[in-house]
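Beneath this line is the structure, given in structure tokens, with notes to follow.
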Amino acid sequence: MNLAASFAVLEYRTLLVDADPQANSTTGVGFDLHNITKSLYDCMVNEAEAKDVVLKTDIPHLDLIPSHIDLVGAEIEMINYPNRETVMKNILDTLRDEYDFIVIDCSPSLGLITVNALVAADSVVVPVQTEFFALEGLGKLLNTVKIVQSRLNTDLKIEGILMTMYDGRLRLCNQVVSEVRRHFEDLVFESIIHRNTRLSEAPSFGKPVILYDSDSKGSINYLNLAKEILQKNNLTKIKQEDRVIS
């Protein structure tokens, strides 16, 4: 959610797809779930057209395909679908030309909906919390990505590994960052998402952190991440020395 909002603030046409049944991204950009009449579930199960589900947010350049708790049951309902792994790709392909970025927010589980997201995506940002079991979870996710690359989406690439929940005062956080950088080297983003009170508060106010408090460390971290991705893909002329905002 915060990455998509950062792209939008930088004036890139951005679509945020909430593929998590908890719908945190949907509420996090200001929508009341009780007022959502159509969601990603309707596209994937009821064959609703994507353009009829897209919502305009209060943030210029940012649109949303909302989620709903019904998405929990979608995996069971889709089990007998032919080519069930490509349902989301077929939905989003109809919208590709309308946006500069389509950002899919996935749940932590590696079920059919997440596999659909990986098949639909050009690249994947892998978030890793700077905590004890981080490397174990990272290994499982990267293995899933490899399977998708070999069988379902040969063009899928890893955009980068993003370290999150970082607190520089804690030895464990620094050890995890060092270990991940040692193993994966240039695959790890320079940008790191720090633990930040304003970042935690923002969703309860229905706002991405960049709108809730644009001067907060969390806001600056996500804006730096967006700029790093743009620069990495030669989509901006931002100079290296100008990229990081202190």
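The values are calculated or read from the model by the stated rules, or taken from the named source; none is laboratory data. Worth saying up front: this structure is predicted, and the values here are computed from it rather than measured. Here the Cβ is made from the backbone with ideal geometry for all residues, glycine too, and neighbour counts use every protein chain on show.
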(request) Being touching a residue at least 40 places away in the same chain (Cβ under 8 Å), outside any loop (DSSP other than H, G, I, E, B) and surrounded by fewer than 22 Cβ atoms within 10 Å (Cβ to Cβ) is the filter here, so list the residues in region 20-49 that pass it. (result) N24, T27
(message) If P82 satisfies all but one of (1) under 21 Å from N153 (Cα atoms); (2) crowded, with 16+ Cβ neighbours inside 10 Å, what's the number of the condition it fails?
(response) (2)
(request) Report yes if some residue within region 142-160 is without any contact (Cβ under 8 Å) to a residue 24 or more places away in the chain, aliphatic (A, V, I, L, M) and either closer than 27 Å to K227 by Cβ or buried (at least 16 other Cβ atoms within 10 Å of the Cβ) (or both); otherwise report no. (result) yes
(message) Condition check: surrounded by 16 or more Cβ atoms within 10 Å (Cβ to Cβ), in contact with a helix residue (DSSP H, G or I) (Cβ under 9 Å, 6 or more places away or on another chain), within 26 Å of S6 (Cα to Cα) and without any contact (Cβ under 8 Å) to a residue 40 or more places away in the chain. Does V126 satisfy that?
(response) yes
(request) Working only within region 85-140, note down all residues that are more than 17 Å from F189 (Cβ to Cβ), at pLDDT below 90 and of a type in the set (A, V, I, L, M, F, W, C). (result) L110, F132, F133
